[in-house]
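Enquirer: Sharing a structure below in structure tokens format, with a few things to ask.
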Amino acid sequence: MARRPAASGAAALVALLAAWAAPAVAQSVRQLGVFNSWSAYSAPSGTGEICFVVTKPSSVTPSPDGYSQGYLYLTDRPDEKIANEFNLIAGFKLAADQPASLTVDGHTYPLFVRGDSAWLKDPAQGGNLAGGIRAGASLVVDLVSEQGTRVRESFSLSGATAASKAMSDAC
């Protein structure tokens, strides 16, 4: 069975958010740059350096009950030999028994969901997805909230290539 991301992917986003909130933590998370809609970061982890790129949805339609803020990111953990690990924090609770997918320029990737997060069902497709994000013009994620509402999160790909290069250079 394919390896499912553990809490470490979510921990990267938590570290990022903590960095915005706490100056002491901010010293350990280093912003590599802001590239239009995308940002790149690096931080030390228990097993070495972790780098990630992150963006927020440009639109969420319709806005589901309890929506806070969504994030999409790709993470590299070279010491664990993990590259281009996709994770989505939807910003709302997802229906576990409903299909979810990500489409970049017409190529669709099925997603595995848990709580308010989603990952590629086939993590081996991370490299293909990352390449599509760098070369693509549009990215949408189709999800179902725990209330049964179909929600579409759309993301700008402007700056994704530069952010990915900064991440690769750092890790």
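Enquirer: How about the range 122-171: which of its residues are under 15 Å from the mean Cα position of the chain (by Cα) and at positive phi?
Expert: Across the range 122-171, the qualifying residue is only Gly159.
Enquirer: Assess whether Phe92 counts as being part of a loop (DSSP other than H, G, I, E, B) and either surrounded by fewer than 17 Cβ atoms within 10 Å (Cβ to Cβ) or modelled with pLDDT of 95 or more (or both). Walk me through how you get there before you give the answer.
Expert: Details: part of a loop (DSSP other than H, G, I, E, B): yes; either surrounded by fewer than 17 Cβ atoms within 10 Å (Cβ to Cβ) or modelled with pLDDT of 95 or more (or both): yes.
For Phe92, the condition - part of a loop (DSSP other than H, G, I, E, B) and either surrounded by fewer than 17 Cβ atoms within 10 Å (Cβ to Cβ) or modelled with pLDDT of 95 or more (or both) - is met.
Enquirer: Another question, if that's okay. With the checklist (1) at pLDDT 90 or above; (2) out of contact with any Pro (no Cβ under 7 Å at 6 or more places or on another chain); (3) farther than 20 Å from Asp169 by Cβ in hand, flag the one item Trp20 doesn't pass.
Expert: (1)
Enquirer: Mind listing whichever residues of the range 101-110 are out of contact with any Lys or Arg (no Cβ under 6 Å at 6 or more places or on another chain) and either under 13 Å from Ala130 (Cα atoms) or modelled with pLDDT of 95 or more (or both)? I'd like the intermediate steps shown before the answer.
Expert: Start the filter on the range 101-110 by keeping residues that are out of contact with any Lys or Arg (no Cβ under 6 Å at 6 or more places or on another chain), which leaves 101-109.
Matches in the range 101-110: Ser101, Leu102, Thr103, Val104, Asp105, His107, Thr108, Tyr109.
Enquirer: Given (1) closer than 27 Å to Val144 by Cα; (2) at pLDDT below 95, where does Thr55 come up short, assuming only one miss?
Expert: The number of the failed condition is (2).
Enquirer: Let me ask something else. For the range 60-83, check the following and say yes or no: at least one residue is loosely packed, with under 14 Cβ neighbours inside 10 Å, at pLDDT below 95, within 23 Å of Lys165 (Cβ to Cβ) and touching a strand residue (DSSP E or B) at 6+ places or on another chain (Cβ under 6 Å).
Expert: Checked against the condition, which is being loosely packed, with under 14 Cβ neighbours inside 10 Å, at pLDDT below 95, within 23 Å of Lys165 (Cβ to Cβ) and touching a strand residue (DSSP E or B) at 6+ places or on another chain (Cβ under 6 Å), the range 60-83 yields at least one hit.
Enquirer: In the list Gly106, Gly127, which residue meets the criterion of being in contact (Cβ under 8 Å) with a residue 40 or more places away in the chain and out of contact with any His (no Cβ under 9 Å at 6 or more places or on another chain)? Even if it seems obvious, please write down each step before you answer.
Expert: Values: Gly106 fails: in contact (Cβ under 8 Å) with a residue 40 or more places away in the chain.
Of Gly106, Gly127, the one residue that is in contact (Cβ under 8 Å) with a residue 40 or more places away in the chain and out of contact with any His (no Cβ under 9 Å at 6 or more places or on another chain) is Gly127.
Enquirer: Select from the range 96-122 the residues that are among the acidic types (Asp, Glu) and over 12 Å from Leu143 (Cβ atoms) and list them in ascending order. Quick ask: steps written out before the conclusion?
Expert: Taking the range 96-122 and keeping what is among the acidic types (Asp, Glu), we get 97, 105, 116, 122.
Correct list: Asp97, Asp105, Asp122.
Enquirer: Sticking with this one: Test of understanding: among Ser164, Ser154, which residue is polar (S, T, N, Q), under 27 Å from Val34 (Cβ atoms) and part of a helix (DSSP H, G or I)? Don't jump to the end; show me each part of the working.
Expert: On the way: Ser154 fails: part of a helix (DSSP H, G or I).
After applying the criteria, what remains is Ser164.
The values are calculated or read from the model by the stated rules, or taken from the named source; none is laboratory data. None of these values were measured; they are calculated from a predicted model. When we count neighbours, we look across all protein chains shown, and the Cβ atoms used for this are built from the backbone with ideal geometry, even at glycine.
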